[in-house]
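Undergrad: Next up is a structure, given as structure tokens.
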Amino acid sequence: MSDRGSNSGRRVGGYSSSPLSDDSHALSQMQSLKSRPPWAASAASSYVRSGSYRDINLRSAHVYVEEVAMQDWPAHILQLAEALAGPGGGPAPAVLQPNPTLTDDPLRESAVTLAGQVSNYRLKSESDWMELNRRVLSVLEHDHLIKSQDRRFDAQVGPTSDTNLFLSTPTPDLAFGLPTSLDEDADEPLSRSLLTQWYNLRGVQAFPSPGRPDMAFPCLIYEAEPDTGNLVAPENQASYGAAKALSMIQSLRNRYHELGGSRMSERLPVIVICSRGPIYEVLVAFDLHANEIPPKTTDPASAKSTAKAGVHLVEIWTGSVHRPEVMYLFQLLLNRVLSWFLATFRPTIINMINTVKASVS
């Protein structure tokens, strides 16, 4: 794996281990969907950004952030992590000079320019940082991707709390997914009308926000914090959005399998990017099924798996992009994410759609 750079944006130990913050009485009222008071929106937002929300609420829905050891990652997730952030995916950090030469690589020029702008945003608001974040992520712009900002993922899909605890409706700072088409031609796999019909007739939930069907099957979720925040907050905010995105893909996969599609195909993950000021973190979100967890061994010398079935987010890269060479690495990684989307994610979704269409036509 590649050098992850500075990890100073994370709280020591990952997140608070205390069950509730000091104002536990007010926050405990918000943990239940049925008892959440209408005046508590501000306090609820603070709670969602806390370690307690991760420890209690997200875990009750079997959503886990950085809680599975690399040895327990599925093979296709290890391969993707290596392709995106490992030495095999591009130049290793050691071959990059502290001051990249600008003569023959436009990406290096862009990286140096972007890194040089970071200092202008110190101690600024999140909305100010988002100006820079959008430029940093602009490498992901492509005709086969659509980007949304602050869109509520209000589709009735995704894991639910075992104990009916409050789960915040995701509203990603940015989300990327497949653009749908108004073309109703029979050969158009991403027809908006077709995917809408499938939700009503076949249980396929393609849209994170059914009232805005221009985006289907999100593949990347981004959440940001200013440099005065921490990485716990955006990780929490992104995790349930990623869980919903995975459930949307699974709704299509279920129908695909019911109609004879190959069960050998690996489940698609979702990419998550979080930032705290100049510190960017890349994670992969995936479903881990109980039958994929290595069995516990009675041999005391053997490492025991502590993995749990559910949705997991695992970190594959972290770096502070105020340094030009780290910004360059991040831009390379984003290019590889785009390549994975075009070569794997999109074709897999379209293949499943076409298989379902052929079977029900």
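Undergrad: Could you please tell me which pairs satisfy a Cβ distance under 8 Å, a separation of 6+ or placement on different chains, a first residue in segment 105-131 that is under 16 Å from Ile279 (Cα atoms), and a second residue that is at pLDDT below 95 and of a type in the set (Val, Ile, Thr)?
TA: Here the result reads Leu123/Thr228, each pair linking segment 105-131 to a residue that is at pLDDT below 95 and of a type in the set (Val, Ile, Thr).
Undergrad: Failed condition for Gly260, given (1) buried (at least 17 other Cβ atoms within 10 Å of the Cβ); (2) at positive phi, with all others met?
TA: (1)
Undergrad: For Glu131, work out the one condition from (1) in a loop (DSSP other than H, G, I, E, B); (2) modelled with pLDDT of 95 or more it doesn't fulfil.
TA: The number of the failed condition is (1).
Undergrad: Test each condition in (1) polar (S, T, N, Q); (2) closer than 16 Å to Ala242 by Cβ; (3) modelled with pLDDT under 95 for Ser193 and report the one that comes out false.
TA: (2)
Undergrad: Then there is this: Among the helices (runs of 4 or more DSSP H) confined wholly to segment 22-123, which include 3 or more residues that are closer than 22 Å to Leu338 by Cα, modelled with pLDDT of 90 or more and of a type outside the set (Val, Ile, Thr)?
TA: Result: 75-85, 106-117.
Undergrad: Sticking with this structure for a sec: Just to be sure, is Lys308 modelled with pLDDT under 90, assigned to a loop (DSSP other than H, G, I, E, B) and of a type in the set (Lys, Arg)?
TA: Numbers: modelled with pLDDT under 90: no; assigned to a loop (DSSP other than H, G, I, E, B): yes; of a type in the set (Lys, Arg): yes.
Answer is no for this residue.
Undergrad: Where residues in segment 143-170 are touching an Asp or Glu at 6+ places or on another chain (Cβ under 9 Å) and not small (Gly, Ala, Ser), which of them is surrounded by the most Cβ atoms within 10 Å (Cβ to Cβ)?
TA: Only one residue tops the list, namely Pro170.
Undergrad: Now for a different question. In this structure, does Asp173 turn out to be surrounded by fewer than 17 Cβ atoms within 10 Å (Cβ to Cβ) and not polar (S, T, N, Q)? Walk me through it before giving the result.
TA: Numbers: surrounded by fewer than 17 Cβ atoms within 10 Å (Cβ to Cβ): no; not polar (S, T, N, Q): yes.
Taking the combined requirement at face value, the residue does not satisfy it.
Undergrad: Being part of a strand (DSSP E or B) and touching a residue at least 60 places away in the same chain (Cβ under 8 Å) is true for just one of Ala155, Ala175. Which residue is that?
TA: Values: Ala155 fails: part of a strand (DSSP E or B).
Only one candidate qualifies: Ala175.
Undergrad: Here is a further query. Please go through segment 269-295 and give me each residue that is in contact with a Ser or Thr (Cβ under 6 Å, 6 or more places away or on another chain) and modelled with pLDDT of 95 or more, ordered by number.
TA: Pro278, Ile279, Glu281
Undergrad: Can I ask one more? Among the residues of segment 192-210, count how many are out of contact with any helix residue (DSSP H, G or I) (no Cβ under 9 Å at 6 or more places or on another chain) and either crowded, with 19+ Cβ neighbours inside 10 Å or touching a residue at least 24 places away in the same chain (Cβ under 8 Å) (or both).
TA: The qualifying residues number 2.
The values are calculated or read from the model by the stated rules, or taken from the named source; none is laboratory data. As the structure is a computational prediction, the values presented were derived from the model and not from experiment. Every residue, glycine as well, gets a Cβ built from its backbone with ideal geometry; the counts of neighbours run over all protein chains shown.
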